[in-house]
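Contents: one structure, followed by commentary.
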């Protein structure tokens, strides 16, 4: 029987001493799907903020864009929340 390949891990790693490629691939696929959904919400919220049509969607988009943390993205959340009166 053919065994799946494995890579040596680091001591104390969450995958243990050895982990399979399939486990890492599954983890990467799940994280890619989550980041894709957050990206779609961020883009939709940005479009909503430009049109000034929906405050909640704009704020949700700004918060979803915060995942890879950056100072400009934090400022986007602050400015969207301060501009609440400008939305319809």
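Yes or no, residue by residue, for (1) modelled with pLDDT of 85 or more; (2) in contact with a helix residue (DSSP H, G or I) (Cβ under 6 Å, 6 or more places away or on another chain):
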site: 7; (1), (2): no, no
site: 20; (1), (2): no, no
site: 23; (1), (2): no, no
site: 28; (1), (2): yes, no
site: 41; (1), (2): yes, yes
site: 48; (1), (2): yes, yes
site: 71; (1), (2): yes, no
site: 78; (1), (2): yes, no
site: 87; (1), (2): no, yes
Can you report the number of residues in segment 48-88 which are under 17 Å from residue 36 (Cα atoms) and either exposed (fewer than 13 other Cβ atoms within 10 Å of the Cβ) or in contact with a strand residue (DSSP E or B) (Cβ under 7 Å, 6 or more places away or on another chain) (or both)? 2
Would you say residue 58 is in a helix (DSSP H, G or I) and at pLDDT 70 or above? yes
State yes or no: is residue 53 outside any loop (DSSP other than H, G, I, E, B) and either at pLDDT 90 or above or under 22 Å from residue 87 (Cα atoms) (or both)? no
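The values are calculated or read from the model by the stated rules, or taken from the named source; none is laboratory data. Keep in mind that this is a model prediction, so the values were computed, not measured. All Cβ positions, even for glycine, are placed from backbone atoms using ideal geometry, and neighbour counts span all protein chains on display.
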